[in-house]
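Written below as structure tokens is the structure these notes are about.
The values are calculated or read from the model by the stated rules, or taken from the named source; none is laboratory data. Note that the coordinates shown come from a computational prediction; the quantities given were computed from them, not determined experimentally. Cβ sites come from the backbone with ideal geometry, for glycine too, and all protein chains shown count toward neighbours. Note: accessible area is taken over every heavy atom of the protein model, side chains too, but ligands, DNA and RNA are not part of it. Shrake-Rupley method; radii C 1.70, N 1.55, O 1.52, S 1.80 Å.
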Amino acid sequence: MDKESNTKITLKSRPDGYPRPSDFEVVEEPIPQPREGEVLIKAIWLSLDPYMRGRMRDVQSYAPSVQLGSVIVGGVVGRVVEARTPAFAVGDLVVGPLGWQQYATSEGRNLLRVDTALGPLSTALGILGMPGMTAYFGLLDVCEPRPGDTVVVSAASGAVGQVVGQIAKIMGCRVIGIAGTQEKIDYIVDELGFDVGINYKTQDVMSELASACPLGIDVYFDNVGGDISDAVMENLADFARIAICGQISQYNLAEPALGPRNVRLLTTHQARMEGFLVFQFAARHDEGRRRIASWIREGKIKYKEDVVEGIENAPAAFIGMMRGENFGKLLVNISKE
């Protein structure tokens, strides 16, 4: 091994509002030794995702909170460097929830082998990983898009949003993306083929949606919540379908925002709003990976990654993501492969 210690990032204090550097601690410990039935994995890529902010709270949710002093949760692609189980061999490339650290042990129940024939290693945490599966099943199964539908995607340049919009185009839909910089708007329109881009920081989202969607919004893929979602609700078409994927505008509020304020419009438009988790489709993830990989090979889907070097820079990158500073799927390159 090229290091005699394991660098990991732990939760030092629970964030109050937006996370701060002081909420994280860089810890150096001996490399863990696998017990009988376990493997030792050296991390190559770490995924940073908005859901991690919720796990830093001490509240009941669909998954346990990160305890103070514990390694922060996160998906990792790594290589098996020691195996004490016949289920895996040294050299195997795997993906699993191993956390913000350079080395981790696992019994293997939460690990999947990475199929490098589908795409580069990093994509197992992005377009062919949890974000890609979230986009695929959230749009196709929850929203049920039809040719000719008008689809609106918030956080449209993010890891999930950029995939949602492109799949919607493949399905024959008209796509409006909402993002926070002109660079991101240019990217989703000029590179990814969205029909319209709306900059929520410089434009009035309500009026722009009314202009861009004169017949109303048939599908809304919600990654942000808050005022943007309120504006979408005011422009729904009859029988609209809304998928609640994330509410990133609310994750860092010290006090919960008032709302939702206009759910009456669901009745007015006989619309459906549904929350979902990517794990509910776990049995079909291979289907999603294969289909997205084929679309990438055919040039129908592009993807963008935002790469940060070094595990020690994960906290700053995560804080920036919470403020919308990332552009594409945010990844930390922990070791070179």
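Please report the equivalent ellipsoid semi-axes of the chain, computed as sqrt(5 x eigenvalue) of the Cα gyration tensor, largest first, in whole Å.
Gyration-tensor ellipsoid for the chain: 36, 22, 17 Å.
I'd like the distance separating the alpha-carbon centroids of region 132-167 and region 215-239, in whole Å.
Region 132-167 and region 215-239 have Cα centres separated by 13 Å.
With 30 Å as the limit, write out which pairs from 169/201; 8/169; 42/304; 184/300; 12/329 have Cα-Cα distances beyond it, or answer none.
The answer is 8/169.
Over all directions, what mean area does the Cα convex hull of region 1-126 project, stated in square nanometres?
8.5 nm²
Where the eigenvalues come from the Cα gyration tensor of region 104-213, what are the semi-axes √(5λ) of the equivalent ellipsoid, largest first, in whole Å?
Square roots of five times the eigenvalues give 30, 16, 12 Å.
Once you put a point 7 Å from the Cα of residue 302 and another 7 Å from the Cα of residue 14, both along the Cβ direction, what distance in nm separates them?
4.3 nm
When the expected Rg is taken as 2.2 N^0.38 Å, what fraction or multiple of it is the alpha-carbon Rg of region 117-171?
Working it through for region 117-171, the quotient is 1.14.
Which percent of the accessible area of region 237-298 is formed by carbon and sulfur heavy atoms (probe 1.4 angstrom)?
56 percent
I need to check one value: relative contact order of region 19-118, counting alpha carbon pairs closer than 8 Å and at least 6 residues apart, in percent.
32 percent
Hey, what number do you get for the chain at 222 nm if only DSSP H runs of n ≥ 4 count, each worth -39500 (n - 2.57), divided across all residues, to the nearest 500?
The helix-only estimate for the chain comes to -5500 deg cm²/dmol at 222 nm.
Stretch residue 146-residue 206 to full length: gain in nm at 0.36 nm per residue minus the Cα-Cα span?
Here the answer is 19.2 nm.
I'd like the per residue volume of the convex hull spanned by the Cα atoms of region 232-337, given in cubic angstrom.
Enclosed volume per residue, from the Cα hull, is 184 Å³.
Report relative contact order for the chain in percent, whole number only (criteria: Cα-Cα under 8 Å, sequence separation at least 6).
With pairs under 8 Å counted, the relative contact order is 18 percent.
Between region 68-122 and region 1-43, what is the separation of their alpha carbon centroids in Å?
14 Å
Could you do me a favour and compute the accessible area per residue for the chain, 1.4 Å probe, result in Å²?
Here the per-residue accessible area is 45 Å².
Contact order normalised by length for region 74-215, with contacts defined as Cα pairs under 8 Å and 6 or more residues apart; what percent is it?
Result for region 74-215 is 14 percent.
Work out, in µm²/s and without decimals, the Stokes-Einstein translational diffusion coefficient of region 220-278 at 20 °C, 1.002 mPa s, Rh from Kirkwood over C-alpha pairs.
Using the Kirkwood radius from Cα pairs, D works out to 180 µm²/s.
If you average over every viewing direction, what projected area does the convex hull of the Cα atoms of region 75-119 give, in nm²?
For region 75-119, the mean projected area of the Cα convex hull comes to 3.3 nm².
Give me the Debye-computed log₁₀ of I(q)/I(0) at q = 0.16, 0.26 Å⁻¹ for region 169-249, equal point scatterers on Cα only, no solvent, two decimals.
With no solvent term, the Cα-only Debye profile gives -0.58, -1.54.
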